[in-house]
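**Q** To start, I am sharing the structure in question, which I have written as structure tokens.
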Amino acid sequence: MSPAAITALVVLGFAVMLVRRRSIATLLVSAQAMVLGVAALSLARGRPADFLVAAIILLVRAVALPALLTFTRRRTPEPYLVIPATTVLVRLVLAATVVLIAAASIPPLGLGDRPAEHAAVALLSLGIAIVIMRRPALLQVLGILVAENGIYLLAISVPGGLPFVIELGVLFDLVLVVTVAAAFTHKIHGEVGSGDTDLLRALRD
Amino acid sequence: MARLARATLTSCGRFVTDAVGPLIIAALAVPLSAALLVALMPTPGAADRLNLATSTLTAALALALAVVAIAAAPDVASRGSWYVLDVASGVFLAVVAVVGFASAAMSAFYLRHAGRSWFTARHSHAWYYAAFNVFWAVLLALPLADNLAIAWLLIEASTAASAMLVAFSGKRSALEAGWKYLVLTTLGLSIALLGIVVVYVAVGLDGSGLGRLGWQALAQHANELPHEATLFAFVLILVGLASKIGWAPVHNWLPDAHSEAPPPVSALLSAALLPTVLLIAWRTKLALEPALGSGAVQKLFIGFGLASLLVAIPFLWRPLPWKRLLAYSSLEHMGVLALGIGFGTPLAIAGVVIHIAGHALAKALGFYTAIPLMREDPRTADTPARGITRTSPTTATAMSVSLFSLAGLPPSPLFVSEVMILLGGMQAGLLGVSSIAAVLLALGFLGLAHSLLEGLFGGRKSAHRRRSRSVQAIALLTGIAALALLGVTAIAYALPGSDIVEALMRSGA
């Protein structure tokens, strides 16, 4: 994969960590999936079956899932902008630290594309960091999608690609999880009047 | 005459082997069909009856498969393109079938007085049974999966259905628990998936397509895998699966989900989901161990085991609501199982099997007891149970059978299994670890016994009492569970050195 595409993927991941608006974060994740999808299509050129699977995955990840999340966002208007628990600078420093440690500590994974290996682990780490540091439920779902985009980056970098059963199976599971997460987001909003997960803190021992 | 008998047995065996494929399809198709059919039922009562009928059929099919698998020990009963029916599959299928059937039967009692739920009253039974049956079907398929990637897909698929069930009541606390479970386990499984992709790459061109990640293929090529990348992948897979098994320190969702889910679902989560995912971790260990060396793998399992015990034990001493106490007990017992698999000696593995069966029976009974307990005194949902002997002797008896068994009081099978696992650890030369575990288990026993005695005899003088029809069901279940627990204890004495243990030492390969 080209260095520019890999850089774009990581920058988009960082941007999801930093932005405040759910709408912009959804667009950023959609753009990330689009970059990945286009890369997968170009790698599958000349192999019709691979191309078809890559096209399906692109449509679902870059269009259908962001559309579902946009629909969910519109049904769950926030009465006020959820104030992040940390400042932009703190989030940036923490995210950069997590990403650098994760990317630096991985051994060669055997793909023969070291930048893609680093970027995949960086995106997975960023996704986890987004879930931990962002309070709105919808942003946490986007964190899961950023992490999954990291796995997909690794998957399309595998020489010969992954078997269709795995690629489509993972996509099916992702759709299931995001659909249920969207239902939860709606229900949480209905119950507490906001998608702020910090308001759900009843269960403590 | 002998020739005739042998010929009959051979033809019976061939018939059973030929029937395995259709039996597996039927065992999975029945609950999946039930998930769709409940939506067509005109009344909640009709949905209850349909679910009871289909769950009886599902359990019968799954138990038939389990019998075929265990009877074939030490050989593999059958192997298909994606499934394997070996002894491990048989043991776990039996556990999932029994707990699933009991949970299906108890669900009607829960739903009768469930009150508000995520869904409207008219559709709540249908949605509950749909999610329940999908979840159960996935749990039945999981022990049969003959491939690491397929196992991962099934585990991830279980998350969506079970998260809806955890949050079924629609209460704020249930939403919190369900959300935590959904997000944390999905992230954990993403980490595991990264590890699986790395393993797929490491196996390289030696295998073809999906078959590269079959248990047999992995075991055959393990010696040729690059050590560093495979170790990295194994750590990722184990950490990811640990988040679903609920091993400390990645267990945060477990106490919340178990305590907030409807009791029959809590039983399915604790007694079926956690051990079944643990089976996948176990199969991965056995497949990749030759590439990693037993030392590193053993340390990881023992680390998770001791961490889980250390985190769980203090909570067993605290005055917790009944279901939350059972949840921390699950954490403790998953820790014991991690130790047993980590020790890896035949005696420890025999202990693991007994522990899984005994834990499933005792824990499921404990969660079902929560139905009459919370019906008779709704405050016990959020506060510790107190003085139950004065309000309901039947419920008190069920609580006693469940908690004393879980604590490991003889003749509980968990006493025998814990002794076997600790002795197995000593056989493996890990006297220090076994000693620490023994002390922690003794403290856990005292904590649970203290909590139980407080629950039975302590606290309030007067208690609200509301009659519950589920008490009769609990009385019946207590008798059955007590007999079954004694049966498992008896099996424990015959298990070491048997073909079953021999087969389990190389599960999947």
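**Q** Relative to the Cα centre, what is the charge dipole magnitude of the protein assembly as shown, using +1 at the beta carbon of each Lys and Arg, -1 at the beta carbon of each Asp and Glu, and rounding to the nearest 20 debye?
**A** Rounded to the nearest 20 debye, it is 2160 debye.
**Q** Run lengths n ≥ 4 of DSSP H only: what is the helix-derived mean residue ellipticity at 222 nm for chain A, with -39500 (n - 2.57) per run over all residues, to the nearest 500?
**A** -24500 deg cm²/dmol
**Q** How far is helix B:413-427 tilted, in degrees, relative to the longest principal axis of the Cα atoms in chain B, given as a value from 0 to 90 rounded to the nearest 10?
**A** Tilt relative to chain B: about 40 degrees.
**Q** With +1 on each Lys and Arg Cβ and -1 on each Asp and Glu Cβ, how big is the dipole of chain A about its Cα centre, in debye rounded to the nearest 20?
**A** In debye, rounded to 20, chain A gives about 520.
**Q** With contacts defined as alpha carbon pairs under 8 Å and 6 or more residues apart, what's the relative contact order of chain B in percent?
**A** Relative CO of chain B lands at 15 percent.
**Q** Could you work out the helix-only [θ] at 222 nm for chain B, with each DSSP H run of four or more residues adding -39,500 (n - 2.57) and the total divided by the number of residues, to the nearest 500 deg cm²/dmol?
**A** -26000 deg cm²/dmol
**Q** A further question follows. Which ³J(HN,Hα) values, rounded to whole Hz and listed in residue order, are derived for segment B:141-153 from phi using the Karplus coefficients 6.51, -1.76 and 1.60 in 6.51 cos²θ - 1.76 cosθ + 1.60 with θ = phi - 60°, glycine and proline given as x?
**A** 6, 4, x, 8, 4, 9, 7, 4, 5, 5, 4, 4, 4
**Q** Just rank B:R172, A:R20, fewest to most, by other beta-carbon atoms within 10 angstrom.
**A** Ordered from fewest to most neighbouring Cβ atoms within 10 Å, B:R172, A:R20 come out as A:R20, B:R172.
**Q** Around B:K171, which amide H atoms from residues at least 5 apart in sequence, or from another chain, sit under 5 Å from its own amide H, with H modelled in the peptide plane?
**A** Those lying under 5 Å, H to H, from B:K171: there are none.
**Q** Let me ask another. Helix B:227-245: angle to the longest alpha-carbon principal axis of chain B, degrees 0 to 90, nearest 10?
**A** 20
**Q** Relative to the Cα centre, what is the charge dipole magnitude of segment B:293-509, using +1 at the beta carbon of each Lys and Arg, -1 at the beta carbon of each Asp and Glu, and rounding to the nearest 20 debye?
**A** 1040
**Q** With each pseudo-label sitting 7 Å past Cα toward Cβ, what's the B:D75-B:V235 distance in nm, one decimal?
**A** 4.2
**Q** How high is the relative contact order of segment B:244-388, in percent, with contacts defined as C-alpha pairs under 8 Å that are six or more residues apart?
**A** Relative contact order, segment B:244-388: 34 percent.
**Q** Please report, to one decimal in angstroms, the Kirkwood hydrodynamic radius of segment B:293-509 built from all distinct Cα-Cα pairs.
**A** Radius from the Kirkwood sum: 17.7 Å.
**Q** A follow-up question, please. Taking R0 as 30 Å, what's the FRET efficiency between B:I480 and B:F457 from their Cβ-Cβ distance, rounded to 0.05?
**A** The formula returns an efficiency of 0.70 here.
**Q** Then there's this: Per the Kirkwood formula on distinct C-alpha pairs, the Rh of the protein assembly as shown is how many angstrom?
**A** Hydrodynamic radius (Kirkwood, Cα only) of the protein assembly as shown equals 26.0 Å.
**Q** How much net charge surrounds A:R201 when only the other residues with a Cβ under 12 Å from the Cβ of A:R201 are counted, with Lys and Arg +1 and Asp and Glu -1?
**A** 0
**Q** For segment A:26-60 and segment B:235-283, compute the distance between their C-alpha centroids and round to whole Å.
**A** Result: 34 Å between the Cα centres.
**Q** Starting from the amide H of B:S78, placed 1.01 Å from N in the peptide plane, find each other amide H under 5 Å away whose residue is 5 or more places distant or on another chain.
**A** HN-HN under 5 Å from B:S78: B:L85.
**Q** Moving to a separate point now. Could you tell me which residue out of B:F234, B:G188, A:G161 lies farthest along the dipole of the protein assembly as shown toward its positive end? Charges go on the beta carbon: Lys and Arg +1, Asp and Glu -1, centred on the Cα centre.
**A** B:G188
**Q** Given B:G447, B:L431, B:L175, which one lies farthest toward the positive end of the charge dipole of the protein assembly as shown, if we put +1 on the Cβ of every Lys and Arg and -1 on the Cβ of every Asp and Glu?
**A** B:L175
**Q** What angle, in degrees between 0 and 90 and rounded to the nearest 10, separates the Cα long axis of helix B:172-203 from the longest principal axis of the Cα atoms of chain B?
**A** For helix B:172-203, the angle is close to 0 degrees.
**Q** Looking at segment A:49-83, which chymotrypsin sites (Phe, Trp or Tyr not before Pro) are in a loop (DSSP not H, G, I, E or B) and have at most 16 other Cβ atoms within 10 Å?
**A** The qualifying sites are A:Y80.
**Q** Once the Cβ-Cβ distance between B:A39 and A:V90 is put in as r, and R0 is 51 Å, what FRET efficiency do you end up with, to the nearest 0.05?
**A** 0.60
**Q** Run the numbers for B:H450 and B:N223: contour at 0.36 nm per residue of separation, minus the present Cα-Cα distance, in nm.
**A** My answer for the length gained is 76.7 nm.
**Q** Considering only B:I313, B:H123, A:V10, whose Cα is most displaced toward the positive end of the charge dipole of the protein assembly as shown, charges sitting on Cβ of Lys, Arg (+1) and Asp, Glu (-1)?
**A** Selected residue: B:H123.
**Q** On a C-alpha basis, how far is the centre of segment B:392-432 from the centre of segment B:105-167 in Å? Whole number, if you could?
**A** Taking the Cα centre of segment B:105-167 as reference, the centre of segment B:392-432 is 29 Å away.
**Q** Once phi is turned into ³J(HN,Hα) by the Karplus curve 6.51 cos²θ - 1.76 cosθ + 1.60 with θ = phi - 60°, what whole-Hz value does each residue of segment A:90-101 show in order, with x for glycine and proline?
**A** 4, 4, 5, 5, 4, 5, 4, 4, 4, 5, 5, 5
**Q** For segment A:3-199, what class follows from the C-alpha gyration tensor (a ≥ b ≥ c being the square roots of its eigenvalues): rounded when a/c is under 1.5, otherwise prolate if a/b is larger than b/c, else oblate?
**A** Because a/c hits 1.5 or more and a/b fails to exceed b/c, segment A:3-199 counts as oblate.
Computed from the coordinates by the stated procedures, all read-outs in this text should not be read as laboratory data. Bear in mind that the values here come from a model prediction, so they are computed numbers and not experimental data. Virtual Cβ from ideal backbone geometry, glycine too; neighbours counted across all protein chains shown.
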